[in-house]
Amino acid sequence: MTTALRASRLEKTHRRGGEQVHALRGVGIEVEAGRLVALIGRSGSGKTTLLNCLLGWERPDRGEVEVPGVRDPAAAPWTTVAVVPQRFGLLDELGLADNVALAARLAGLPRPREAAVEALGELRLAHLADRLPGEVSLGEQQRTALARALVVRPAFLVADEPTGQLDEELTGHVLTRLRVACAAGTGVLVASHDPAVVAAADRVVRLEDGRLVD
Ligand SMILES: Nc1ncnc2c1ncn2[C@@H]1O[C@H](COP(=O)(O)OP(=O)(O)OP(=O)(O)O)[C@@H](O)[C@H]1O
Ligand SMILES: [Mg+2]
């Protein structure tokens, strides 16, 4: 029985008409409980494709994905693998607290609204709880997406450039929050270009043109 979020020998080719992009060419990665792993690499190197395969949002052409406790990665509950997508994926019609509370509700938490406001507060967003996503900055939307993931205390967190919209001070704060989640047992995988994320990581994995390099 596996306890780590793991992918091995992943291959993925994106096809559009006659064009082919070999996004992953035999990639393996492992995220253990309580560890923060940074996935770095230039734009277009395959980071999001790799995360999407781990999440079951894309199906690799070859290779294996293992998520503890589920047969199919696409069936993993939010409490097992929570996600901060590169484009956040907030619901425009719901306030920030309701976006976060929805995840808490679906996960069966007893007091979803209270849990949501607390999770927002931990990311310095409590004062914006009732604003719509369209009424706050991109950095505030990004931290809301992180609160929506952390509110359920997931076994694993997969975050795609979660500090891309943040200044240095807030980046430091978010990384501290991620380290707290790790200390509580969450395994965290962060795709990033940010040197601060690399510095905070237990391990750094670099993708170059669909391949891992040391
Ligand atoms: N649906 C798609 N159809 C065709 N090509 C795609 C598709 N998705 C990604 N690609 C291509 O696959 C390669 C890897 O893309 P990916 O989004 O994984 O990169 P990334 O490392 O996340 O980049 P960034 O840092 O800019 O987010 C790129 O060349 C991209 O253009
Ligand atoms: Mg990406």
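Here residue 66 passes the criteria (1) charged (D, E, K, R); (2) over 23 Å from residue 187 (Cα atoms); (3) within 17 Å of the chain's Cα centre (by Cα) except the one numbered (2).
Restricting 150, 132, 138 to those that are under 17 Å from residue 78 (Cα atoms) and at pLDDT 95 or above reduces the list to 150.
Among the residues of the range 6-57 satisfying the criterion of being hydroxyl-bearing (Ser, Thr, Tyr) and not in a strand (DSSP E or B), which is nearest to ligand 2 (Cβ to nearest atom)?
Going residue by residue through the range 6-57, those that are hydroxyl-bearing (Ser, Thr, Tyr) are 8, 13, 43, 45, 48-49.
From what is left, the residues that are not in a strand (DSSP E or B) are 43, 45, 48-49.
Working: 43: 7, 45: 9, 48: 3, 49: 8 Å.
The extreme case among them is 48.
Between 87, 59, 71, the distinction of being among the basic types (Lys, Arg) and closer than 18 Å to residue 26 by Cα belongs to 59 only. Looking only at residues of the range 6-20 that are closer than 14 Å to residue 62 by Cα and not charged (D, E, K, R), we find that the one that is surrounded by the most Cβ atoms within 10 Å (Cβ to Cβ) is 10. Pairs meeting the criteria (first residue in the range 144-167 and of a type in the set (D, E, K, R), second residue within 16 Å of ligand 2 (Cβ to nearest atom), beta carbons under 6 Å, at least 6 apart or on different chains) are 160/48; 160/51; 160/85; 160/86; 160/191; 161/86; 161/191; 161/192.
Residues being surrounded by fewer than 22 Cβ atoms within 10 Å (Cβ to Cβ) and farther than 24 Å from residue 137 by Cβ: count how many of those fall in the range 180-200. Final tally of qualifying residues: 6.
Could you pull out the residue among 163, 171 that is in the same structural domain as residue 26 (by TED's automatic domain parsing), polar (S, T, N, Q) and buried (at least 23 other Cβ atoms within 10 Å of the Cβ)?
Criteria check complete, one pass: 163.
The values are calculated or read from the model by the stated rules, or taken from the named source; none is laboratory data. This is a predicted model, so every value here is computed, not measured. Every residue, glycine as well, gets a Cβ built from its backbone with ideal geometry; the counts of neighbours run over all protein chains shown.
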